[in-house]
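The values are calculated or read from the model by the stated rules, or taken from the named source; none is laboratory data. Not measured: the values here are computed from a predicted model. Virtual Cβ from ideal backbone geometry, glycine too; neighbours counted across all protein chains shown. Calculation scope for accessible area: heavy atoms of the full protein, side chains included, ligands and nucleic acids excluded. Shrake-Rupley method; radii C 1.70, N 1.55, O 1.52, S 1.80 Å.
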Amino acid sequence: MNTIVGTYECKVDAKGRLLLPAPLKKQLASSLQNGFVLKRSVFQSCLELYPMEEWDLMMQKINKLNRFVKKNNDFIRRFTAGVKVVEIDTLGRLLVPKDLVAFASISKDVVFSSAVNIVEIWDKDLYEKSISGEDVDFADLAEEVMGNTNNDNGIS
């Protein structure tokens with residue numbers, strides 16, 4: 001899977017359908033036939049849209065966990081809670097199940113935000129709060145997360 005790029009806004013209709021913006025749909029074109037997995041985010045009040053091939057890679061990692069270790073079993077149950085297989089219809093719409101709409105507090109305006117190989121789906125107000133940086137100094141976070149990585153290709 002290629003890296004997904006961009007942040008896009010759309011509106012949710014009364015049935016919980018989201019019309020994928022054309023640039024995002026084009027990036028996901030190779031995944032349309034295989035479908036997607038939609039799940040709750042672990043750390044945020046948003047949803048994560050996995051192309052099926054990315055979901056399969058994640059499940060390969062999770063399937064290596066020993067299920068006779070209680071923490072592992074608890075993690076698997078919580079990680080897969082609310083997981084749904086979804087498709088994008090011929091009009092480019094994604095139907096978000098009601099339980100996931102409720103989890104992410106999706107009301108009217110929605111943001112699709114790329115997260116490397118998956119797409120986060122946010123209620124717009126919650127997305128804006130999450131990136132406002134009120135509780136996190138992004139410069140400090142960037143230094144802590146990326147400052148000690150060794151770059152073989154000279155990119156800084």
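Within the range 67-86, is even one residue among the charged types (D, E, K, R) and touching a residue at least 40 places away in the same chain (Cβ under 8 Å)?
Initial filter on the range 67-86 (among the charged types (D, E, K, R)): 67, 70-71, 74, 77-78, 84.
Restricting the remaining residues to those that are touching a residue at least 40 places away in the same chain (Cβ under 8 Å) gives 84.
Yes, that holds for at least one residue.
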Task: Single residue of the range 1-12 satisfying the filter (among the aliphatic types (A, V, I, L, M) and surrounded by 13 or more Cβ atoms within 10 Å (Cβ to Cβ)) that is nearest to residue 100 (Cα to Cα) - done: 12
Task: Cβ pairs under 7 Å, 6+ apart, first in the range 41-53 and without any contact (Cβ under 8 Å) to a residue 60 or more places away in the chain, second open to solvent by 60 Å² or more (accessible area, probe 1.4 Å) and aliphatic (A, V, I, L, M) - done: 53/1
TODO: Tell me, please, whether a residue that is of a type in the set (D, E, K, R), under 24 Å from residue 126 (Cβ atoms) and in contact with a Cys (Cβ under 9 Å, 6 or more places away or on another chain) can be found in the range 50-62.
DONE: no
Task: Residue count, the range 13-48 (criterion: surrounded by 12 or more Cβ atoms within 10 Å (Cβ to Cβ) and in a loop (DSSP other than H, G, I, E, B)) - done: 12
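Could you check the range 58-136 for helices (runs of 4 or more DSSP H) lying wholly inside it with 2 or more residues that are open to solvent by less than 30 Å² (accessible area, probe 1.4 Å)?
Working: elements: 70-79, 98-103, 124-131.
In the range 58-136, the matching helices (runs of 4 or more DSSP H) lie at 70-79.
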